[in-house]
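Data first, discussion second: the structure below is written as structure tokens.
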Amino acid sequence: MHVLLNNLALFRRGFLGTVALTGLSALLALGLGTVLAVCRVCPVLPLRALGTAGVTVLCNTPLTLLFFGVTLGLPMLGLRGPGYFALAVLTLGVYTSAFVCEALRSGVNTVDVGQAEAARSLGMSFGQTVALVVLPQAGRAVVPPIGSLLVALTKNSALAGGFSVYELFGVEKTLAERGYAILVVFLWVAVAYLLLILAISALVRLLERRLAVVR
């Protein structure tokens, strides 16, 4: 317990860093994932091909490799980024967006085709049909898988600690350098991650109940 109490400020800073990193990355992933999902179901062939190519590349590229490419590759090409934290948000958000896209696309497939046809018969454009008819219903259907992706994103955020971003994993490195027992430090870091994941899971369950459709 003394490891936590003696370094409470460090743990608080690391915990808040993980919360901020996860939250901002989740917002980026949800937004970009929705755009990719729309591209995947779009009748315009170039957009559909672009969405498919982006998802295929991201889903089959290791996250660690993406971190190296963004945080180390961009400076080597002469592209100066806004900072390691912003680059970590970009990497995590873009990577997770591919999986969000596939989850949303599976939800789109659950929407009755007749509803889209009815919307078009009323004079709605493709964008209006997707935004007002398809995506709201698809979103209800994919709350649990999206929640699982957010939990995975929270755990993946630990990789940012290896790229000069101070979060919970960065706390472990700092305390290990100060001579604290690694197992004890890992225990408290694991507890912090567990609390964060439990909070996300509870929020997802609440959202799932609120959006549940009575059949």
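Taking packing as the residue-averaged number of other Cβ atoms within 10 angstrom, the listed peptides 51-57, 204-210 run from highest to lowest as 51-57, 204-210.
Compared with the direct C-alpha span, the chain from L10 to R210 gains 68.3 nm at full extension, assuming 0.36 nm per residue. Between G123, G162, G73, the residue with the greatest mean-square fluctuation in the GNM of the chain (Cα pairs under 10 Å linked by springs) is G123. Projecting the alpha carbon convex hull of the chain along each direction and taking the average yields 14.8 nm². Note on the chain: dipole from Cβ charges, positive end direction compared against P43, A190, G139; the farthest Cα belongs to G139. Select from A141, A158, A190 the residue whose mean-square fluctuation is largest in a Gaussian network model of the chain (Cα-Cα springs shorter than 10 Å). Result: A190 has the largest fluctuation of those listed. Each Cα pair under 8 Å and six or more residues apart adds its sequence gap; the mean of these over the residue count of the chain is a relative contact order of 28 percent. A Gaussian network model of the chain, with springs between Cα atoms under 10 Å, assigns the largest mean-square fluctuation among F11, F68, F99 to F68. Please label the shape of the stretch 86-146 as rounded, prolate or oblate, based on the square roots a ≥ b ≥ c of the eigenvalues of the alpha-carbon gyration tensor (a/c under 1.5 means rounded; beyond that, a/b larger than b/c means prolate, else oblate). Prolate is the answer for the stretch 86-146, as a/c is 1.5 or above and a/b outweighs b/c. Projecting the Cα atoms of N109, Y95, V171 onto the dipole axis of the chain, where Lys and Arg carry +1 and Asp and Glu carry -1 at the beta carbon, places N109 farthest toward the positive end. Calculated [222 nm] ellipticity per residue, helices only, for the chain: -24000 deg cm²/dmol; basis is -39500 (n - 2.57) per DSSP H run with n ≥ 4, divided by all residues, nearest 500. Relative contact order for the stretch 124-196: 18 percent, from Cα pairs under 8 Å spaced at least 6 residues apart, divided by residue count. Using the 1.4 Å probe convention, the accessible area of the stretch 99-215 works out to 57 Å² per residue with neighbouring protein chains retained.
Counting only Cβ charges, +1 for Lys and Arg and -1 for Asp and Glu, the dipole size of the stretch 57-190 around its Cα centre is about 140 debye.
Leaving out ligands, DNA and RNA, and with a 1.4 Å probe, what % of the accessible surface on the stretch 1-145 is carbon or sulfur? Its accessible area is 70 percent carbon and sulfur atoms.
The values are calculated or read from the model by the stated rules, or taken from the named source; none is laboratory data. Just so we're clear, the structure is a prediction, and the values are computed from it rather than from any experiment. All Cβ positions, glycine included, derive from the backbone under ideal geometry; neighbour counts span all protein chains shown. Note: accessible area is taken over every heavy atom of the protein model, side chains too, but ligands, DNA and RNA are not part of it. Shrake-Rupley method; radii C 1.70, N 1.55, O 1.52, S 1.80 Å.
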